[in-house]
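Accompanying notes for the structure given below.
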Amino acid sequence: PHLVRVIEVKATGAFPFMVMELLRGRDLKAHLDQKAPLAPAVATRIFLEAARGVAAAHAAGLVHRDIKPANLFLHHDASGALVTKVCDCCVVKQSAVLGEDTTALTRTGGLLGTPAYMSPEQAQDSKSVDERSDVWSLCVSLYEALAGQAAWRGCKNVGELMAALYTREVTPLDEVAPWVDEGLCKIVMAGLVRDREARIASAA
């Protein structure tokens, strides 16, 4: 329930198309633009559901590679309940080797994904990432929701951001958002360890 549902796909003919469920609400980026920082309880609920969606994709052998607030949709279902949906799987990597014809709507230069939310290893080689890269992107998005500012806020351009990814640790969340519970801060920062071998290994 936390992945946008695909109803039909047609990949042949002049106009390939994908039919997905109709979502009602707005994406998390639009919400953060008006409401950031989120109350920790609200952010936690949103990201627990997002993590369940990402974990379901991982269980199917898929790595999203573009988790960010704009791709997390706050959907109101038929009963009016709020459900977080992971959307925009245009740069998904299958466990099998990707072909050279892979394209991406969010391609930036030679990068697949969105630099402000990608893991250090994705910035180096988007084809070699695994589930731990999505964990980073989830946690850097949660950091932003809790702090009301981006993890790499001081970077003025993509070059500075890439240098930060390669050489710096993210400023501890408790320093920029001292109102957030210590235990929650530790979870977020455990997902933002640059060495993926030491990072939280699973969205689940």
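Data table
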| quantity | calculated |
| --- | --- |
| For Ile46: the one exception among (1) in contact with a strand residue (DSSP E or B) (Cβ under 8 Å, 6 or more places away or on another chain); (2) assigned to a loop (DSSP other than H, G, I, E, B) | (2) |
| Breaking point among (1) at pLDDT 90 or above; (2) open to solvent by less than 30 Å² (accessible area, probe 1.4 Å); (3) under 22 Å from Glu131 (Cβ atoms), for Leu38 | (3) |
| When residues of the range 80-139 are limited to those that are closer than 24 Å to Ala59 by Cβ, out of contact with any strand residue (DSSP E or B) (no Cβ under 8 Å at 6 or more places or on another chain) and acidic (Asp, Glu), the one modelled with the highest pLDDT | Glu121 |
| Qualifying helices (runs of 4 or more DSSP H) (wholly inside the range 133-204; at least 2 residues being of a type in the set (Ser, Thr, Tyr) and loosely packed, with under 13 Cβ neighbours inside 10 Å) | 158-167 |
| Residue list for the range 191-204, filter: within 17 Å of Leu142 (Cβ to Cβ) and without any contact (Cβ under 8 Å) to a residue 40 or more places away in the chain | Val193 |
| Some residue of the range 144-165 being over 18 Å from Asp66 (Cα atoms) and of a type in the set (S, T, N, Q) | yes |
| In the range 60-78, the residues that are without any contact (Cβ under 8 Å) to a residue 60 or more places away in the chain and either over 13 Å from the mean Cα position of the chain (by Cα) or in a strand (DSSP E or B) (or both) | Ala60, Gly61, Leu62, Leu74, His75, His76, Asp77, Ala78 |
| Check on Ala81, under 17 Å from Arg26 (Cβ atoms), without any contact (Cβ under 8 Å) to a residue 60 or more places away in the chain and small (Gly, Ala, Ser) | yes |
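The values are calculated or read from the model by the stated rules, or taken from the named source; none is laboratory data. Bear in mind that the values here come from a model prediction, so they are computed numbers and not experimental data. Positions of Cβ are backbone-derived with ideal geometry, glycine not excepted, and every protein chain shown enters the neighbour counts. What goes into the accessible areas is simple: the full protein's heavy atoms, side chains included, and nothing from ligands, DNA or RNA. Shrake-Rupley method; radii C 1.70, N 1.55, O 1.52, S 1.80 Å.
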